[in-house]
1. Output the residue which, of all residues in segment 24-47 that are open to solvent by less than 50 Å² (accessible area, probe 1.4 Å) and not aromatic (F, W, Y), is farthest from the chain's Cα centre (by Cα).
2. Could you please let me know if E45 is under 16 Å from A89 (Cβ atoms), assigned to a helix (DSSP H, G or I) and in contact (Cβ under 8 Å) with a residue 24 or more places away in the chain?
3. Please find, within segment 1-35, the residue that is farthest from V69 (Cα to Cα) out of those that are modelled with pLDDT of 90 or more and part of a loop (DSSP other than H, G, I, E, B).
4. Considering each residue of segment 48-84, count those that are of a type outside the set (A, V, I, L, M), open to solvent by less than 40 Å² (accessible area, probe 1.4 Å) and part of a helix (DSSP H, G or I), and give that number.
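The values are calculated or read from the model by the stated rules, or taken from the named source; none is laboratory data. Keep in mind that what you see is a predicted model, and the values were worked out from it rather than measured. Positions of Cβ are generated from backbone atoms using ideal geometry, with glycine treated the same way; all protein chains shown enter the neighbour counts. For accessibility, only protein heavy atoms count, side chains too; no ligands or nucleic acids. Shrake-Rupley method; radii C 1.70, N 1.55, O 1.52, S 1.80 Å.
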Amino acid sequence: MGHRPVTGGEEDPRVTELRMAVSRLRRELAALRTDFPDRATAEDELAALAAMTCEGVPEIPRLRGSLLVLAGAIGSMSALSGALRAVRAAVDLFGEPARRGQGSLPRPDHSSDANSPRS
């Protein structure tokens with residue numbers, strides 16, 4: 001059965017997707033018999049992500065930070081790569097965080113780079 005918020009309103013589908021992806025990764029991590037140095041870090045970060053999905057729409061910078069921590073902690077564990085990709089896809093549903101004070105910046109691989117000669 002699906003989870004619904006206690007308030008009776010419809011839940012943001014992005015939050016639902018993130019919750020499912022985090023739950024899957026938590027289950028796969030728990031089932032993994034291999035121990036690795038950053039396992040506790042990954043478990044803590046997944047618990048934090050799970051808590052964020054219970055509080056409504058999470059803050060995008062915090063989601064991205066959690067994703068980086070997870071990638072660093074379990075990125076080399078091939079057994080978890082599919083579940084980690086699902087978490088990343090769910091985080092990507094929330095879009096890019098707004099960059100305060102930065103408009104459209106040129107990318108370094110373009111000729112409009114600040115280091116390129118001006119005519």
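1. L32
2. So E45 does not fit the description; no.
3. Filtering segment 1-35 down to residues modelled with pLDDT of 90 or more leaves 12-33.
Restricting the remaining residues to those that are part of a loop (DSSP other than H, G, I, E, B) gives 12, 32-33.
On the way: D12: 24, L32: 19, R33: 21 Å.
Applying the filter and picking the extreme gives D12.
4. Initial filter on segment 48-84 (of a type outside the set (A, V, I, L, M)): 53-56, 58-59, 61-62, 64-66, 72, 75-76, 78, 81-82.
Filter once more, keeping what is open to solvent by less than 40 Å² (accessible area, probe 1.4 Å): 53, 56, 58, 65-66, 82.
Keeping just the survivors that are part of a helix (DSSP H, G or I) gives 53, 65-66, 82.
Total meeting the criteria: 4.
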